[in-house]
Every structure is written in structure tokens, then in C-alpha cells.
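Since the structure comes first, as C-alpha cells, the remarks are kept for the end.
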Amino acid sequence: MKKFMDENFLLDTETAQYLYHNHAAKMPIIDYHCHLIPQMVAEDHKFKSITELWLGGDHYKWRAMRTNGVEEKYCTGTDTTDWEKFEKWAETVPYTFRNPLYHWTHLELKTAFGITKLLGPDTAKEIYDECNEKLKLPEFSARGLMRHYNVECVCTTDDPIDDLHWHKVYRETKSDSDPLMIPAWRPDKAMNIEKPDYAEYIKRLGEVAGVTINKFDDMIDAIQKRHDFFSENGGRLADHGIEEFYDDPYTDSQIETIFEKAMRGQQLSVAEVRQYKHAFLKICAEMDYEADWTQQYHYGAIRDNNSIMYKQLGPDTGFDSIGEFNTAKAMSHFLDELNSEHKLTRTILYCLNPCANEVIATMLGNFQDGSEPGKIQFGSGWWFNDQLDGMTKQMNALSTLGLLSRFVGMLTDSRSFLSYPRHEYFRRLLCNLLGNDVEAGKLPNDRKALGRMVEDISYNNARRYFKFY
């Protein structure tokens with residue numbers, strides 16, 4: 001019987017162990033999609049407790065706690081103490097067997113705090129106190145944790161109207177040992193024309209961009225100015241959260257009419273919303289191409305399902321369901337439209353429904369143009385697929401239908417400074433896949449080639465691909 005979470009955790013073979021310990025483990029982290037708060041990085045935030053660091057904003061843990069019968073006040077309430085919230089999480093952890101939270105929880109305790117005890121009701125107070133004592137040390141600040149995990153670069157997720165103040169502050173105060181922090185453009189609010197606050201948002205966009213917005217072209221002018229502003233402040237990456245891809249035909253006059261109706265607060269038809277989103281995403285993709293950015297599409301999430309939670313916590317707290325799988329046709333048409341005009345930049349496609357894995361892994365090959373290795377990428381297992389089975393399925397699909405060797409690897413997609421062990425988790429799974437194939441005779445035991453492949457997927461491919469440096 002193997003010991004739980006020892007040094008060879010998830011590494012079933014000697015080859016896997018060799019690849020992980022000699023190649024994967026030493027590579028720096030490029031976390032090219034996360035939801036860290038830039039102000040916390042810029043100010044080198046000191047955490048008052050493990051509850052703030054661990055449970056604040058972590059919708060994964062909240063979902064598990066609610067499922068375990070924990071009242072909302074212990075998840076997001078303001079009338080409960082940090083200890084009370086932590087205690088409820090500790091009571092929930094033993095019920096998370098076979099949920100990725102069980103692995104993540106103990107990896108984070110082990111790698112950040114050196115704690116190997118299992119978290120539960122009987123160890124909760126001891127672990128709570130030990131973590132809080134260590135959090136008083138300077139190396140457990142926001143930047144300290146990033147240095148501890150060998151993070152070289154993080155990309156935050158930022159709205160076009162953001163002034164990027166904290167990114168500027170950070171650039172002026174960071175030391176040579178601190179990671180790069182790069183803003184990533186997330187223009188979803190300008191795309192979501194069906195939302196009741198759309199006109200209000202567009203007004204604010206115009207004010208920030210210095211553009212009086214009366215027409216659709218004015219709005220695009222404002223978006224372009226903000227896109228340029230992000231480029232001037234280090235932006236190299238766009239991210240879009242979409243329920244599906246859109247390829248609905250439209251004319252310029254139709255889009256203008258749709259925009260004007262939305263600005264007047266009039267109800268739009270489903271067809272009009274789809275036309276607008278198609279036009280908006282295409283124009284944004286053209287901007288990304290001209291700026292030599294990489295664009296990411298996270299698709300398949302149906303957001304804001306629980307209206308009570310949505311009103312209490314806001315739209316970005318992760319209350320998403322998998323949603324229905326959109327056919328490959330719209331995705332293909334959208335990418336082909338850009339490709340035919342020679343305006344398809346480096347693109348990463350993520351799906352929330354794993355039944356789309358083979359569709360995406362196949363779709364990539366339709367638009368690889370030979371200009372650079374892995375130009376069109378299949379993004380790592382995302383959100384509910386961000387676990388052992390999901391990541392394994394994604395890598396198997398990519399291996400079978402594409403080139404795993406050119407994969408840009410893992411990201412945290414997290415708001416937490418303790419989520420970097422997800423990179424370790426991914427790297428262990430990657431090494432285990434390759435190690436099992438070697439020992440089954442499916443791959444040659446060429447450790448030089450395998451080691452290079454592991455290092456490339458863990459770090460080198462991302463460094464080359466994103467052009468951050």
C-alpha cells in the first residue's frame with residue numbers, strides 16, 4: 001500500500017518518478033490565466049489568517065461546504081469569525097474523499113506550511129493556529145508565496161475600463177525576484193449586450209476612453225483605445241468567457257440598430273444578441289491579431305444560475321453549470337472567418353463540457369498554418385475539469401488528435417495565492433501518463449527526449465508562445 005501523498009504521489013512508475021523529480025519539479029511557473037487581485041500583489045498583502053488566504057473567494061470550497069449542509073454565513077457571511085469559518089471547512093474536508101478539493105487541500109498545507117497532518121475536526125485548531133503563526137512571517141506575504149512557488153509570471157483578468165493602477169504600482173516596486181504581473185484583457189461586459197446594465201457600462205467605457213459613444217463605431221473606437229492602453233501597460237493576452245461560439249450572419253447596419261436599441265434599454269431578440277456577439281468577438285479578435293496578442297476562449301459556462309446567490313455575491317463568484325455543448329460548426333465558421341482574412345492570432349480554446357474534448361482537439365488542426373508550433377491550442381482542463389480525470393482526459397484527447405509536445409500546459413484560474421500546487425498536480429499527472437506508456441512499451445525509454453518534453457509542457461512552451469519577455 002502506498003502512503004498518502006508521499007514524494008511519489010500520483011507517480012505510479014519509476015519512469016514517472018524520474019521525469020517528475022528530475023525535470024518537471026524544477027521548472028518555474030507561468031500562470032497565464034488567474035483571478036488574483038492586482039492590489040494584493042502590488043501591496044504585498046499580509047494575510048490576517050488562513051481563513052482569509054484559503055477561504056476568501058474560493059467558490060470551490062463554498063460549494064462543498066453548502067453541499068455538506070453548512071449554512072451560508074460560514075461561507076460568505078460577515079457575522080461569523082475566521083475561526084468559525086475554518087472550523088466548518090475542516091468539518092467538511094473528510095467528506096471530500098475523491099473530490100479534487102481533498103488533494104488540493106493537503107497539497108497546499110504540505111507545500112506552503114509543511115503540514116502533513118490530515119485536516120479534520122480533530123486537527124482543525126492545531127492546523128489553524130500553526131498556519132496563522134507562519135502567516136506572520138514575511139515569506140508568507142502575497143509576493144512571498146509567489147516566490148516560494150517559483151512563480152515567474154502571472155496574468156490577471158482585467159476589465160477594459162480598469163486603469164491598471166496597481167499594475168503600474170507593482171512595476172515600480174517589484175524586486176528582481178518577484179514575478180512579472182501582466183494584465184489580461186477581459187471585455188465580456190462590453191460583449192454582453194443582453195444584460196440590464198449594458199448601457200450604463202458603455203457610458204462608463206466612453207468616459208474612461210475619452211470617447212462620446214452614440215453609435216456602435218464609437219463604442220469600438222473606445223474599445224480600441226483601451227486595447228491600446230493595455231498594450232502600453234504590458235498586456236499581451238485577451239480572454240473571453242462565452243456560452244458558445246457565434247457565427248450568425250450580420251450587416252453593419254443591423255449591428256448599429258441592435259446597439260442603439262440596447263442603449264435605449266429596448267428588449268433584444270435572441271437572434272440580435274447572437275449577431276451582436278459575433279460582430280463584437282470578431283472585431284476584438286482582429287485587434288488581438290494586429291497587436292500580436294494571444295486570445296483565449298473559455299466556453300460552455302451558463303452563468304448566474306442561482307439568482308439569490310447572484311444578487312448577494314455578484315456575477316463572478318463561479319456559480320456556473322456545465323451548459324449544453326455547442327456544435328463545432330459555429331466554432332469552425334468563426335475561426336475560419338478570421339483565418340480567411342489572415343487575422344487569426346494565437347488562440348487557446350477551453351471547454352467546460354468534456355464531451356467536447358475530441359471536437360476541440362480535432363478542430364485545432366484545421367487552423368494550424370505552419371507559422372509557429374502549436375499556434376492553436378487546446379486549453380487545459382478548466383473549472384470543473386480542473387482535476388485528475390478532467391486533466392487526464394484533456395491530455396489524452398490532445399495526444400491522440402494533436403501534438404501534446406507543443407502544449408502550453410497548466411494555469412490556476414484561481415483567486416488564491418495558495419493555488420500554485422495545481423501546477424504540481426498537473427505536472428505529476430503528465431509525468432505519470434508518459435511514465436506508464438514507457439513502462440508498457442508504448443513509448444521508447446528515451447529519457448533525454450521525454451525530459452525535454454516534460455520541461456517544455458511545464459514551462460518552455462508557454463514562455464515561447466505568449467511572448468511576454
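Here, each number is a calculation from the coordinates, and none is a lab measurement. These figures come from a predicted structure and were not determined experimentally. Counting neighbours? That spans all protein chains shown, and the Cβs are built from the backbone with ideal geometry, glycine included.
Structure above, values below:
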{"item": "Chain lengthening between residue 439 and residue 137 when straightened (0.36 nm per residue, less Cα-Cα)", "result": "104.3 nm"}
{"item": "Relative contact order [Cα under 8 Å, 6+ residues apart], the chain, whole percent", "result": "21 percent"}
{"item": "Cα-based reach from residue 442 at 17 Å (exclusive), listing aspartates and glutamates while leaving out same-chain residues under 8 positions away", "result": "12, 14"}
{"item": "The stretch 426-440 and the stretch 204-274: distance between their alpha carbon centers, rounded to Å", "result": "45 Å"}
{"item": "Taking 60, 297 and counting other C-beta atoms within 10 Å, the order from fewest to most", "result": "60, 297"}
{"item": "Spherically averaged projected area of the chain from its Cα convex hull (nm²)", "result": "22.6 nm²"}
{"item": "Ratio Rg/Rh, restricted to the stretch 209-308 and using Cα atoms, in which Rh is the Kirkwood radius", "result": "0.98"}
{"item": "Gain on full stretching of the segment that runs from residue 78 to residue 400 - 0.36 nm per residue minus C-alpha separation", "result": "111.0 nm"}
{"item": "Restricting the stretch 116-167 to trypsin sites (Lys or Arg not before Pro) in coil, as DSSP defines it, with at most 13 other Cβ within 10 Å", "result": "117, 136"}
{"item": "Across 61/189; 174/277; 282/467; 46/203; 168/375, pairs whose alpha-carbon gap is larger than 32 Å", "result": "174/277; 46/203"}
{"item": "Distance between modelled label sites at residue 369 and residue 269, nm, 7 Å Cα→Cβ extension", "result": "3.5 nm"}
{"item": "Least to most buried among 434, 401, 137 (fewest other Cβ within 10 Å first)", "result": "137, 401, 434"}
{"item": "Efficiency of FRET from Cβ geometry, residue 197 and residue 252, R₀ 22 Å, rounded to 0.05", "result": "0.30"}
{"item": "Neighbour cut-off at most 13 other Cβ (10 Å), DSSP loop, trypsin sites (Lys or Arg not before Pro), the stretch 83-115", "result": "98"}
{"item": "For the stretch 10-35 versus the stretch 146-197, the gap between their alpha-carbon centres in whole angstrom", "result": "26 Å"}
{"item": "Inter-site label distance for residue 98 and residue 232 at 7 Å from Cα along Cβ, in nm", "result": "5.6 nm"}
{"item": "Ascending count of other beta-carbon atoms within 10 Å, so fewest first, for 447, 427", "result": "447, 427"}
